[in-house]
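Where a number appears in this text, it was derived from the coordinates with a stated rule and is not lab data. It should be emphasised that the depicted structure is a prediction, and the values quoted were computed from it without experimental measurement. Virtual Cβ from ideal backbone geometry, glycine too; neighbours counted across all protein chains shown.
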2 protein chains.
Amino acid sequence: MSSNSYQKLTVRLEELTSLNGIAGILHWDQEVIMPSGGVGFRAKQMSTLAGILHEKSTDPAIGDWLRDIEGQTTDGFDAYQAANIREAKRDYEREVKVPKRLAQEMAELSATSRQVWVKARQENRFGDFAPSLKKWIELRKEWASHVDPEKGIYDANIDAYERGGSTEKFEGIFEKVKKELIPLVKAIQENGKTPSSSFLDGDFPTEKQKELGQQISKDIGFAFDKGRMDVSVHPFCGGSHPTDVRITTRYRSDNFVESLYAVIHETGHGLYEQGRMERDRDLPVSEHLSMGIHESQSLFWERMIAQSESFCHCYLPKFKEAFPEKLENISVRKFYEGINLSEPSMIRVEADEVTYPLHIILRFEIEKGLFDGSVSPDDLPEIWNEKMETYLGIRPKTDSEGVLQDIHWSMGSFGYFPSYTLGAMYACQFFNTLKMQDSAIEDKIKAGNFIDIKKWLNESIHQKGRLYSTDDLVVQVTGESLNPDHFIKYLKDKYSNIYQL
Amino acid sequence: MSSNSYQKLTVRLEELTSLNGIAGILHWDQEVIMPSGGVGFRAKQMSTLAGILHEKSTDPAIGDWLRDIEGQTTDGFDAYQAANIREAKRDYEREVKVPKRLAQEMAELSATSRQVWVKARQENRFGDFAPSLKKWIELRKEWASHVDPEKGIYDANIDAYERGGSTEKFEGIFEKVKKELIPLVKAIQENGKTPSSSFLDGDFPTEKQKELGQQISKDIGFAFDKGRMDVSVHPFCGGSHPTDVRITTRYRSDNFVESLYAVIHETGHGLYEQGRMERDRDLPVSEHLSMGIHESQSLFWERMIAQSESFCHCYLPKFKEAFPEKLENISVRKFYEGINLSEPSMIRVEADEVTYPLHIILRFEIEKGLFDGSVSPDDLPEIWNEKMETYLGIRPKTDSEGVLQDIHWSMGSFGYFPSYTLGAMYACQFFNTLKMQDSAIEDKIKAGNFIDIKKWLNESIHQKGRLYSTDDLVVQVTGESLNPDHFIKYLKDKYSNIYQL
């Protein structure tokens, strides 16, 4: 009977996977290819689909199947099946525990507060957005009290993106990072040496950029028979399935590095999706483990590989072929230094790898304060600007380049930001392990030979899906839990070398 | 209460429209843009969606709402609402009257018999496909006995594509057409004059063809902010909504006319969709009236407008600009004659407007015989070839260029073929009316001014949706029911002139 219930459960889970894949295509289509006039009806399609997804994922039958499975001995289930049951239970419970009224309020607030945020940012007025923010905090508090009453409120929100994460864990890590990075940022600024990067500005035909991007994505291992690469306003990795993964980039004719590294970043996400396990591929066990681990895969390729000197060694000749005028006299070292400039800046998404974590820590501290009551939403602009000055030595002049810059809070996404920096740290720790296991890695990168690297990621991470917790996986792969020392040492070594500190 | 039920009904109908729109995008995506590796999972997505559509459109609640509405006086409903109720009732009843077992058998046969047909056509063996065809006839007979027991079996199948059509009606029309066209085809063949068309063969860069196609589509009135034009193996008009209509074409570098007229044909379909009424646009009343009327819109633009001498007069200079080498010394008259060659050929989809109806009549007669038992499936190749010889004077050498050429029967689509030629006849009758109402039409075409033509079609046909029956609409627009004389006279006049008969 319980195996019968398991069978029924997986049929439903595969149906949900199928519907989520459809939503993925509709989203991609809207961002990449849909005519502008279609936007109104597409919203209707999306909401119809969301309604069906909600209905099917909160169907009481799922609860019955799960109860039936739990009532039996689980000896009959292997690790994959056990993971599917665990994930299904978590998803189901989190869905059904939220009262319908609250779900509706959150859906409505999502729609309205996004508009309010867009306008407030345009007009530089945090005050206009503050009521929406307050409402979100209220709703997310209530949400947390339903889905995870035994956790702290911010912890419950964090857990939605980074399962197993907590305020306490992140605080310990971020304090360490902060303590080391603030002086590093300062030292870079004060040493007076700024590598030249003027050769990165110029006129770079889009067609050439596209060719290069596709070539590198392919070299790294992106399978174009199971994916596409297109253009959108904001680069992303979407699609509908491991056999249909769609990455995007955007082109600026005056800068080819930005688009290229966006391609490499999204290729990293894409390889994770394409590399998912074959068995149970349409069931939860095969899905990505967490936001942080997903981000580790994009940053692994973007930073560990593609921003390294070995990679520049391999690809600079190809860049020169594509853009001879600008790059003719540029050495590998000069190119490497040029693409690795570090400088404090107001906008998180434009920040380099040294300053980026401080943007994240600032947001983490503010979110924590918003939920424990130590920070009042009305004080946010001032608190934001103070922290920017303390951490990065610069102070936003307007709300738009400060507290209003990110879309996340307008969608009620609290606890999401840490994943970006966790990803950077995981990437570094994974890369250190790989280098220890394969001493020829640098030579392989220099030769443009990425097969072994991709294979290692496929086998160590992608194919593991949700079989293990994030912490277990990291221990399994690297021999220890997340350890920020790897990341700190990497940044210190790299930038001491570039800036001769 | 009944208005409450109507309200509930329309919410469901809009939801179905939304889901059908999603299916439209998935289909378009698969034909145009999906990576090859995604085909397996896309099939799963489509079948999940089809299952949900079936569930939602056979929901007994729809029956309850309809019964409730019918139990009340309908005085409260206007013509639009009445049409929505009528259409909903028809769709619902046709869905629920089919036993689940039969629906499953048809779905399974669709999948298998398509494969069988592909292979049989490749290998030129009708005998391999005959069992599938027999099974289809059996299932479509049973289907007809459930959904429309008071109609003849073939009539019920016809009615699925061309509501109000019947064997008897079509027979009367087709007999007339056949009687006139067989001698016309013969006269064209025997008169010995073949206009030159060698200037249509050459090397025509795809990029130029694309520009021309987009320009003409735009000139005619296709709104590119509510649609797209792309490339697919078989040209089609798809998309998800009147605000998101997607036409496709294909390019052959050795022939630009084929692609261009495919664009114009699909633009005709696209204008119908983009031109649908504003009110109740997501409800059945706004949908296209029938396959025949849809085809009349594509053929109106392709044949009545774009294959006319006036159109050649307007666009030949633009064609010469795009392809100067090949067309430099070609006169409008020569070009017009060149694109209007008529010659019997084996393959329906490649046939010209004079011979095409005979391909259709042949299929109509065979389908009629298959359902009334006067034709045995096993005799089809012979019957097919005999008829080809009688009607067109040519005889297929293989099953693949004869009885196996069309996909329709492998999908169980019987009664679909007549719509193609009904469309051609409607197009002609509509155009005659328009010319009588606006004596400046030819001048407008010569000037490339299509606004009034598009407006007339929008107002007379597109915006009428399903308010009237096909026959009522045609009478309303042209003052009489479908009358094949218009079509026959058009062909006789045009080709007597070109071939100097």
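Simple point charges give the picture: +1 on the Cβ of Lys and Arg, -1 on the Cβ of Asp and Glu, and for the protein assembly as shown a dipole about the Cα centre of about 700 debye.
Within a straight-line Cα-Cα reach of under 16 Å, A:LYS8 can be paired with the following lysines, leaving aside sequence neighbours fewer than 8 residues apart in one chain: A:LYS56, A:LYS89.
Of all beta bridges DSSP finds with both residues in chain B, what is the antiparallel percent, to the nearest 5? Don't skip to the end; give the middle numbers.
Values: 5 of 10 bridges.
That works out to approximately 50 percent antiparallel.
Counting pairs of alpha carbon atoms under 8 Å apart in space and at least six apart in sequence, what relative contact order in percent does chain B give? Averaging sequence separation for qualifying contacts and normalising by length gives 21 percent for chain B.
In chain A, helices alone account for a calculated mean residue ellipticity at 222 nm of -21000 deg cm²/dmol, with every DSSP H run of four or more residues adding -39,500 (n - 2.57). I want the local charge near A:LEU19. Using Cβ-Cβ distances under 11 Å, sum +1 for each Lys or Arg and -1 for each Asp or Glu among the other residues. Local charge sum for A:LEU19: 0. For the range B:485-501 and the range B:347-363, write down the distance between their C-alpha centroids in whole Å. After rounding, the separation between the Cα centres reads 17 Å.
Which of rounded, prolate or oblate describes the protein assembly as shown when judged by the alpha-carbon gyration tensor and an a/c cut-off of 1.5? Prolate is the answer for the protein assembly as shown, as a/c is 1.5 or above and a/b outweighs b/c. Sorted ascending by nearby beta carbons within 10 Å, beginning with the fewest, A:GLU142, A:GLU480 become A:GLU480, A:GLU142.
Counting Cβ atoms of other protein chains within 10 Å of each Cβ in B:8-19 and taking the mean gives 2. Residue by residue through B:435-442, how many Cβ atoms from other chains fall within 10 Å of the Cβ on average? Taking all residues of B:435-442 together, the mean is 0. The overall shape of the range B:2-161, judged from the alpha-carbon gyration tensor, is oblate: a/c is not under 1.5, and a/b is no greater than b/c. Listed by chain and number, the lysines whose C-alpha is less than 17 Å from the C-alpha of B:LYS492, apart from same-chain residues fewer than 8 away, are B:LYS176, B:LYS178, B:LYS179, B:LYS186, B:LYS193. The local environment of B:ASN340, defined by Cβ-Cβ distances under 15 Å, has a net charge of -3 under the rule Lys, Arg +1 and Asp, Glu -1. Label-to-label distance, A:ARG125 versus B:SER198, with points set 7 angstrom from Cα along the beta-carbon direction: 7.6 nm. Ordering B:GLY21, B:VAL118, B:GLY71 by Cα displacement along the dipole of the range B:2-161 toward the positive end leaves B:VAL118 in first place; charges were set at the Cβ atoms of Lys, Arg (+1) and Asp, Glu (-1). The magnitude of the dipole of the range B:2-161, with charges of +1 and -1 set on the Cβ of Lys/Arg and Asp/Glu and taken from the Cα centre, is near 740 debye.
Give the peptides B:230-236, A:296-302 in descending order of average Cβ contacts within 10 Å, highest first.
Working: B:230-236: 14.9, A:296-302: 26.7.
So the peptides B:230-236, A:296-302, ranked by packing, come out A:296-302, B:230-236.
Largest first, the extents of the alpha carbon coordinates of the range B:12-88 on the three principal axes equal 55, 24, 12 Å.
Listed by chain and number, the lysines placed with their C-alpha closer than 16 angstrom to that of A:LYS151 are A:LYS97, A:LYS141, A:LYS169, A:LYS368; residues fewer than eight positions away on the same chain are left out. Counting Lys and Arg as +1 and Asp and Glu as -1 over every other residue whose Cβ lies under 13 Å from the Cβ of A:LYS387, the net charge comes to -1.
Look at the Cα gyration tensor of the range B:329-488: its axes a ≥ b ≥ c give a/c of at least 1.5 with a/b at or below b/c, and that counts as oblate.
Hydrophobic long helices, here whole DSSP H runs in chain A with Kyte-Doolittle means of at least -0.5 and Cα atoms spread over 15 Å or more along the helix axis, are found at A:2-32, A:39-57, A:60-71, A:126-147, A:167-190, A:257-274, A:309-322, A:356-372, A:418-437.
Rounded to the nearest 20 debye, the dipole size of chain B about its Cα centre is 440 debye, using +1 on the Cβ of Lys and Arg and -1 on the Cβ of Asp and Glu. Of the residues B:VAL98, A:PRO377, A:PRO396, the one whose Cα sits farthest towards the positive end of the charge dipole of the protein assembly as shown is A:PRO396 (charges of +1 on Lys and Arg Cβ, -1 on Asp and Glu Cβ, taken about the Cα centre).
Distances from B:PRO149 to the same position in the other copies: list them in nm, one decimal, shortest first, using label points 7 Å from Cα along Cα→Cβ. Counterpart label points of B:PRO149 in the remaining copies fall at 5.8 nm.
Shielding of peptide A:28-38 by partners, expressed as the average count of other chain Cβ atoms within 10 Å per residue Cβ, is 6. With the highest mean first, a sort of the peptides B:76-83, B:172-179 on other beta-carbon atoms found within 10 angstrom per residue produces B:172-179, B:76-83. The value of relative contact order for the range B:347-501, using C-alpha pairs under 8 Å at least six residues apart, is 21 percent.
Dividing the mean sequence gap of close Cα pairs (under 8 Å, 6+ apart) by how many residues the range B:297-384 holds gives a relative contact order of 16 percent.
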